[in-house]
Amino acid sequence: MMLEMAVFSLLWLGLFSFAYVFRRNDLIGNFFIITQFIFVGMGVLIWPVIRDVAIDSASTYNLNLISSTDFLKTNGIMILGVMLSYVLYQLFVSVLKPSQSINHLQRSIPLEHYFPLYKIPILGLVFVSLGCLFIYQNFSLLMIASSLTGSEALQSLAKAREESTSSYFLIMTVYNLLPATSFAFLLISLKKKEKRWWGAFFITFVVAVLCLLLTFQKRPLLVYLMGVIFILFIDRMIRSRGEKNINIFSIIMSLKWYILAFFTLLTVFYYYYTDYRFNHDFIEAFLINSKISISRVIGRLSIPALMYSNYFPMQEGFYGFSNVGLISKFFGTPLYVDAKNVADYFSLIGEQGTVATSSFIDFYGGFGFYGVVIGSFFIAFILAIIECIRLNIRSQASYIYYSSVALIIVYYFSQASMFRVLLGYGGVFYLLTWFFLFHRFKLYENRNI
């Protein structure tokens, strides 16, 4: 498998080289291929190297079932999906973008001209109130889990996570609408530089962080903090240059210390959510959880990708759209829980939850390689629409806000299926919040947004 790994490595290297040399200021497209590689492609690519370590680490799964054929197939899925999406995305952008894209952002026009400030307190009051309700309902779960030790604490955390995420409406508020409102308060604070706006942002920030902590999940809080950093960083770049050209490769290098802080925070989460803290001293437990954090970044989505390639269609046929909850409810058909079935098949200890999948792996599980091709078309079209709107924004405030939430949406394409990205993880809700706040919206007419 080493020769095949070298070939796939060259294909990834060629894609990144093209993006860096010829499309370095393509914020959306380049961030898409970066996240797809880091969170899915890299682990699949180096599977022959990490195979033994992964088998030892994921001791509750029978990863010996993953064959060299699965390795080749999964790499083929990722290379085909990412490259085809990237090429189609470039074509769609060249066709859809306005003939005269706006590169320079306006500084002189008052913020209120683009950003009706009366809307923000209304959103803040509504979503902070709902956030406080969420905290009130779930804070006792945290206290119970904190009072226990060993396996009882872990079981309590698992139960708390299930209970806290049982309400779709509140979860959409906590995951998306409250963070999106907090972003708006931060943006106003940066532009107006008034204490009242900074105070309002601080309140929404604290409530959002508490709510996301009480989901007992790691990723939502990290994504929210990532959005805050995006706004701060893009605002600084825009103020210094006044142009839209943003090199995402340079941004990632500039954010290296923030990335290290995120990794440390992730390790702290695993320290709290695993039982190593009960059986080892602090330093040893922290080092063990640091290794877990590395393995989760690389393997959380790449190993399930290999599992899906093995499972479909050898164990069960492709599932189409039967795993989409909204479609199942609308047509009254049984919901196919693909992630649970795959996890149970590989499990050595019976039922043990689900595994996570990225967009391309979900398309493969639904329709095979034909699904990867069709899914690449849809993903490329969505990304192109996002990019074309970005290219036609003139207002600084609108551009900073939109670019930040767009990057979050693009990131989620590496973390979940397309339907979950747009609805379950709130891509649509982020864009609707932006649309509500920045009411001047014309895609093809050369007007201010």
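Give me the pairs, please: first residue somewhere in the range 18-30 and surrounded by fewer than 15 Cβ atoms within 10 Å (Cβ to Cβ), second residue anywhere and in a loop (DSSP other than H, G, I, E, B) and acidic (Asp, Glu), beta-carbon distance under 9 Å, and either six or more positions apart or on two chains.
none
Can you tell which of ILE361, ILE379 is surrounded by 23 or more Cβ atoms within 10 Å (Cβ to Cβ), at pLDDT 95 or above and not assigned by TED's automatic domain parsing to the domain that holds ASN30?
Working: ILE361 fails: not assigned by TED's automatic domain parsing to the domain that holds ASN30.
Testing whether each residue is surrounded by 23 or more Cβ atoms within 10 Å (Cβ to Cβ), at pLDDT 95 or above and not assigned by TED's automatic domain parsing to the domain that holds ASN30 leaves just ILE379.
I need the full set of residues from the range 277-323 which are polar (S, T, N, Q) and under 13 Å from TYR364 (Cβ atoms), in order please.
Pass one, the range 277-323, residues polar (S, T, N, Q): 279, 289-290, 293, 295, 302, 309-310, 315, 322-323.
Residues satisfying the conditions are SER309, ASN310, ASN323.
Of these, THR333, THR354, which one is under 25 Å from THR60 (Cβ atoms) and not basic (Lys, Arg)? Can you show your working first?
Values: THR333 fails: under 25 Å from THR60 (Cβ atoms).
Selected residue: THR354, the only one of THR333, THR354 that is under 25 Å from THR60 (Cβ atoms) and not basic (Lys, Arg).
Which one of these is surrounded by 20 or more Cβ atoms within 10 Å (Cβ to Cβ), among the hydroxyl-bearing types (Ser, Thr, Tyr) and within 21 Å of the chain's Cα centre (by Cα): SER309, SER302?
Result of the check over SER309, SER302: SER302.
Let me confirm something: among LEU190, LEU177, LEU170, LEU186, which residue is more than 29 Å from ARG390 (Cα to Cα) and either in contact (Cβ under 8 Å) with a residue 24 or more places away in the chain or in a loop (DSSP other than H, G, I, E, B) (or both)?
On the way: LEU190 fails: more than 29 Å from ARG390 (Cα to Cα); LEU177 fails: more than 29 Å from ARG390 (Cα to Cα); LEU186 fails: more than 29 Å from ARG390 (Cα to Cα).
On inspection, the qualifying residue turns out to be LEU170.
In the range 380-422, what residues are farther than 26 Å from GLY320 by Cβ, of a type in the set (Ser, Thr, Tyr) and in contact (Cβ under 8 Å) with a residue 40 or more places away in the chain? Before the answer, list the steps.
Filtering the range 380-422 for residues farther than 26 Å from GLY320 by Cβ gives 386-408, 411.
Checking the rest, the ones that are also of a type in the set (Ser, Thr, Tyr) come to 395, 398-399, 401-404, 411.
Matches in the range 380-422: SER395, SER398, TYR399, TYR401, SER403, SER404, TYR411.
Among the residues of the range 293-322, what is the count of those that are out of contact with any Ser or Thr (no Cβ under 9 Å at 6 or more places or on another chain) and over 22 Å from TYR270 (Cβ atoms)?
Qualifying residue count, the range 293-322: 10.
Quick check: anything in the range 80-102 in contact with a Lys or Arg (Cβ under 7 Å, 6 or more places away or on another chain), modelled with pLDDT under 85, assigned to a helix (DSSP H, G or I) and closer than 27 Å to GLN396 by Cβ? Quick ask: steps written out before the conclusion?
Residues of the range 80-102 in contact with a Lys or Arg (Cβ under 7 Å, 6 or more places away or on another chain): 102.
Pick out the ones that are also modelled with pLDDT under 85 and you get 102.
Those still in the list that are assigned to a helix (DSSP H, G or I) too: none.
No: the range 80-102 contains no residue that is in contact with a Lys or Arg (Cβ under 7 Å, 6 or more places away or on another chain), modelled with pLDDT under 85, assigned to a helix (DSSP H, G or I) and closer than 27 Å to GLN396 by Cβ.
What is the one condition in (1) under 30 Å from ILE288 (Cβ atoms); (2) of a type outside the set (Val, Ile, Thr); (3) surrounded by fewer than 19 Cβ atoms within 10 Å (Cβ to Cβ) that ASP70 does not satisfy?
All conditions are met except number (3).
Just give me the residues in the range 209-229 being of a type in the set (S, T, N, Q) and at pLDDT 90 or above, in sequence order. Before the answer, list the steps.
In the first step, residues of the range 209-229 are kept if they are of a type in the set (S, T, N, Q); the result is 215, 217.
Result: no residue meets the conditions.
Please specify each residue of the range 1-47 satisfying the condition of being among the charged types (D, E, K, R) and part of a helix (DSSP H, G or I). Explain how you work it out, then say what you get.
First, pick out the residues of the range 1-47 that are among the charged types (D, E, K, R): 4, 23-24, 26.
Correct list: GLU4 only.
Please count how many residues of the range 299-321 are assigned to a loop (DSSP other than H, G, I, E, B) and touching a residue at least 40 places away in the same chain (Cβ under 8 Å). Before you say what the answer is, go through the steps one by one.
Restricting attention to the range 299-321, the residues satisfying the condition of being assigned to a loop (DSSP other than H, G, I, E, B) are 300-301, 312-321.
Among the residues that remain, those that are also touching a residue at least 40 places away in the same chain (Cβ under 8 Å) are: 300-301, 312-313, 318-321.
Qualifying residue count, the range 299-321: 8.
Please work out which one of (1) assigned by TED's automatic domain parsing to the domain that holds THR181; (2) over 22 Å from the mean Cα position of the chain (by Cα) is the condition GLY227 fails and give its number.
Tallying (1) assigned by TED's automatic domain parsing to the domain that holds THR181; (2) over 22 Å from the mean Cα position of the chain (by Cα), GLY227 fails exactly one: (2).
The values are calculated or read from the model by the stated rules, or taken from the named source; none is laboratory data. What you are looking at is a predicted structure, and each value in this text was computed from that prediction instead of being measured. No Cβ is skipped: glycine too gets one built from the backbone with ideal geometry, and neighbour counts run over all protein chains shown.
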